[in-house]
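Student: Questions regarding the structure given below will be posed in turn.
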Amino acid sequence: MEVIDGNFAIAEAIKQIGPDVVISYPQIPSILILESIASFIANGEMDSEFLNVDSDYSAMSACIGVAASGGRVFTATASQGLALMHETLFIASSLRLPIVMGITNRALAAPINFNADHSDSMAQRDSGWIQIFSENSQEAYDNIIQAFKIAENKDVRTPVMVGIDSTFAFNLHENVNVQTNDEILEFENKPDSNYSILDIENPKTVGSFCTPDYFFEHKINQNKGIESSRKVIKDVGREFGDRFNRYYGYFETYKLEDAEFAVILMSSAAGTAKKAVDEMRKKGEKVGLLKLRVFRPFPYKELGESLSNLKSIAVLDRVLTPGTYGGPLFIETMAALYSLEKRPLVYPYIYGLGGRDITLKHIEDIFDDIKKGFNNEKGNFEIKYINLRE
Amino acid sequence: MITLKELTNKEDLFVSGHGLCPGCGIPVILKLVLRATEYPIVISNATGCLQVASTEFPATSWKLNWIHSSLGNAASTISGIETMYRVLKKQGKLQTDTEIKFLAIVGDGGTNDIGLSSLSGAIERGHDFVYLCYDNQSYANSGGQRSSASPIGTSTSTTPTGKVLPGKLQYKKDITKIIAAHKLPYVAQTAPWNWEDLYTKAKKAFDIEGPAYLNVLNPCPKEWKIPSNKSIELTRIAADTCVWPLYEIEAGKNININYKPENKLPVTEWLKRQNRFKHLLNVENRWIVDEIQNVIDQNWKCLLKQEKRGINN
């Protein structure tokens, strides 16, 4: 057990995995992950090659180069950095490169802000990457370790980004169970890459120009990778649990089995939400929580099954997607539920933008709100903003 | 020195079937550059004419390992590849005993504009690779827009000549000198009219350890608006007018000028052969031509001086 923050937990995982190359460009606060790794290397605690590059755009480009050469590569970024990578994220996933990236989820400018917000990752939700979100430092550590195994699986070969909420990545020190190096190495067991640009005996053209004759088939083939990851994410989560006694799936349910009302959200706010559920349960309220861990691929079937028997649910997005009806989590949840025979009422909420607090009271109010809505002719389905000053 | 005949006997690693325009300089440049090392080459090619014309799926003109990522990141992509090569070598896991050479191939837009940070970073980090810029002085692949490598006065699709504007109003970036300011082991400017110069510089660039930069004038019949059978010849006029001097800079110190025209021609000899400059020969644009001539003369004088004294004096 170590008392560390989320950044250090991720760095610790990377030290144990020992990728061939780590690529670095500074963003707040993800650079703290990379600084820790740099100091591990400087002190001889790990021997990965560490490359300081000129931009986030170059960082992802260099990741593409390493991974296309059969190498294991890690980088970390946040906010503006992830936005600058946007173009290359699509290339990495299209070339089926198993890159792993840590994201300290942070708001996108303007105005510039360093705090927890999912607008950076959510803006990349169609980039073809697997997206995993962590509630706390322990989950960040565990998710990074699982990410390599998922990304490198021969049926998947798709890059993975692992998010942790910015504020909690560097302000909150928590107890983290760190496995031994041997345990991690045994778990990882990297398979051979499917191609290498350094294989000079077998020349390859990678990243061709493609006409309408083939493009569609290429994209559908690419999609098979992330579709295959549905099973692999489950298997890896189970294997991880069997070995280390911390089990992972697409999402975590909390007192949901007999619940009538539930909150759906991702990442750090789940801690507060669990506490709120406990408090309300004490008062006899049948409430529960679903914390989504895997946003891409979106587990629509499993999510639908878990939620269909509820009376009403509140979906909380920590991102503003201007001009849409609710945030991405709300929209995806609605889509997952709509074709089911039995489904709850679904209410959209936006919270926590740019690190705005969400408290116990707020979540209790949300429960009251959706309960009232259900009992009172379904209520108001307009988007509600939590803890927003009038 | 190798003979042209010996060169032609070497295997072609960039083969026919590609869709580059008749008269385009790229295939000529490539045939020389790819023959300039005995070692296998891994290429990172930026988006552009070459990439699009040589890799239309499922065909390819490349008989070597080639990767394309995007327009602005060929240098950072090759950085990753070259780093992984060093890692595998260190780990003893490289599948081959032979040394591998790394080559980034990028047009002038990808070099001077969108990829400049990526290129500068890769050079600063000291990766062992050759960067080849084929400079056709415009974004030819997307239809001939202005780049910061387009010369002043050029009529391009985004700086067209009109009733009030005479084409591009700014000077071309001196990218060779900008790169040389990184004080990297080797920088050279060359052109396909002089195969020996181009081949020798490419060979030096491959042989030298660390980053090397080649800036090659690439004639573009489509955007220069010239007959396709005049393209290579025109690059010689670029040298004879001192529009495109052939020179090299070693370790950021010594400049060698590799070609000094016996009769330095006036810039009008360069301008009048290309329809992209046609409007400059009108009387009202005479001042632009005078300016261009003035700048060329100054640059040439400066180069001669630098050759004598070293670039830093």
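Values quoted throughout were computed directly from the atomic coordinates according to the rules given, and no laboratory measurement underlies them. None of these values were measured; they are calculated from a predicted model. All Cβ positions, even for glycine, are placed from backbone atoms using ideal geometry, and neighbour counts span all protein chains on display.
Student: Using r as the Cβ-Cβ distance of residue B:158 and residue B:297, and R0 as 25 Å, what FRET efficiency do you calculate, to the nearest 0.05?
Tutor: In this case the efficiency is close to 0.30.
Student: Need one number for the protein assembly as shown: average projected area of the convex hull over its C-alpha atoms, nm².
Tutor: If I average the Cα hull's projected area over directions, I get 35.7 nm².
Student: Going by alpha carbons, how many degrees (0 to 90, nearest 10) lie between the helix axis of A:6-17 and the longest principal axis of chain A?
Tutor: 40
Student: Averaged over its residues, how many other protein chain Cβ atoms are within 10 Å of peptide B:39-45's Cβ atoms?
Tutor: What the average comes to for B:39-45 is 4.
Student: What whole-number distance in Å separates the alpha-carbon centres of segment A:1-42 and segment A:321-378?
Tutor: The distance from the Cα centre of segment A:1-42 to that of segment A:321-378 comes to 35 Å.
Student: What's the whole-number percent of alpha carbon pairs in segment A:2-244 lying beyond 24 angstrom?
Tutor: Value for segment A:2-244 (Cα pairs over 24 Å): 42 percent.
Student: Just the Kirkwood number for chain B, please: inverse of mean 1/r across all distinct Cα pairs, in Å, one decimal.
Tutor: 19.9
Student: Further question: Taking the 0 to 90 degree range and rounding to the nearest ten, how far is the long axis of helix A:269-282 tilted relative to the main principal axis of chain A, both from C-alpha atoms?
Tutor: 30
Student: List the residues whose amide H sits under 5 Å from the amide H of residue A:384, counting only those 5 or more places along or on another chain, with H placed 1.01 Å from N in the peptide plane.
Tutor: Correct list: A:349, A:350.
Student: Taking the square root of 5 times each eigenvalue of the Cα gyration tensor, what semi-axes in Å does the equivalent ellipsoid of segment A:216-324 have, largest first?
Tutor: Calculated on Cα positions only, the semi-axes equal 28, 19, 13 Å.
Student: Another question about this same structure. Averaged over its residues, how many other protein chain Cβ atoms are within 10 Å of peptide B:86-97's Cβ atoms?
Tutor: 3
Student: Right, something else. Report the relative contact order of segment A:106-211, percent, no decimals, based on alpha-carbon pairs under 8 angstrom and at least 6 residues apart.
Tutor: 25
Student: Would you work out the relative contact order for segment A:2-244, in percent, from Cα pairs under 8 angstrom that are 6 or more residues apart?
Tutor: 24
Student: Right, another one. For residue A:117, enumerate residues with amide H under 5 Å from its amide H, sequence gap 5+ or separate chain, H modeled in the peptide plane.
Tutor: Under 5 Å from the amide H of residue A:117: A:106, A:107, A:166.
Student: Between residue A:383 and residue B:229, what is the spin-label point distance in nm, taking each point 7 Å from the Cα along the Cα→C-beta axis?
Tutor: Result for the modelled spin labels: 6.5 nm.
Student: If Lys and Arg each add +1 and Asp and Glu each add -1, what is the summed charge of the other residues whose beta carbon sits under 10 Å from the beta carbon of residue B:109?
Tutor: -2
Student: Give the long-range amide H neighbours of residue B:67: residues separated by 5 or more places, or on another chain, with amide H under 5 Å away, using H modelled in the peptide plane at 1.01 Å from N.
Tutor: Counting only residues 5 or more places away or on other chains, the set is A:206, B:43, B:44, B:45.
Student: What is the spin-label model distance, in nm, from residue B:98 to residue A:3 if the labels are put 7 Å beyond Cα along the C-beta direction?
Tutor: Here the modelled spin labels are 5.9 nm apart.
Student: So what J values fall out for segment B:261-269 if you push phi through Karplus, 6.51 cos²θ - 1.76 cosθ + 1.60 with θ = phi - 60°, rounded to Hz, Gly and Pro as x?
Tutor: Once rounded to whole Hz, the list reads x, 5, 10, 5, 7, x, 4, 4, 5.
Student: Short version: ³J(HN,Hα) in whole Hz for each residue of segment A:21-37, in order, from phi by Karplus 6.51 cos²θ - 1.76 cosθ + 1.60 (θ = phi - 60°), x for Gly and Pro, what are they?
Tutor: Karplus values, whole Hz, x for Gly and Pro: 9, 10, 10, 10, 9, x, 9, 8, x, 4, 5, 5, 4, 6, 4, 4, 5.
Student: Under 17 Å Cα-Cα from residue B:222, which lysines qualify once same-chain neighbours fewer than 8 residues away are excluded?
Tutor: Qualifying lysines at Cα under 17 Å: B:230, B:272, B:278.
Student: Something else about it: Under 24 Å Cα to Cα from residue B:10, which lysines show up? Leave out anything in the same chain fewer than 8 places away.
Tutor: Partners found: A:204, B:31, B:63, B:101, B:201, B:203, B:204.
Student: Go through segment A:359-370 residue by residue and turn each phi into a ³J(HN,Hα) via Karplus (6.51, -1.76, 1.60, θ = phi - 60°); whole Hz please, and just put x for glycine and proline.
Tutor: 10, 3, 4, 4, 6, 4, 4, 4, 4, 4, 4, 6
Student: On to the next question. Any chance you could give the angle, 0 to 90 degrees and rounded to 10, that helix A:328-338 forms with the longest Cα principal axis of chain A?
Tutor: Once rounded, one gets 70 degrees.
Student: Moving on. Return the average number of partner chain Cβ atoms within 10 angstrom of each residue Cβ along peptide B:53-59.
Tutor: 5
Student: If I take R0 = 51 Å and measure r between the Cβ atoms of residue A:301 and residue B:11 in this structure, what FRET efficiency does the formula 1/(1 + (r/R0)^6) give, to the nearest 0.05?
Tutor: The formula returns an efficiency of 0.40 here.
Student: Follow-up question, since we're still on this one. Averaged over all directions, how much area does the convex hull of the C-alpha atoms of segment A:251-385 cover when projected, in nm²?
Tutor: 7.7
Student: Could you list B:68, B:279 so that the one with the fewest beta carbons within 10 Å of its beta carbon is first and the one with the most is last?
Tutor: Ranking B:68, B:279 by Cβ neighbours within 10 Å, fewest first, gives B:279, B:68.
Student: In nanometres, what is the gap between the two model label sites at residue B:142 and residue B:272, each 7 Å from Cα along Cα-to-Cβ?
Tutor: So the two model labels end up 3.6 nm from each other.
Student: Ok, one more. Cut-off is 10 Å between beta-carbons; in what order do B:28, B:33 appear when sorted fewest neighbours first?
Tutor: Lowest to highest Cβ neighbour count: B:28, B:33.
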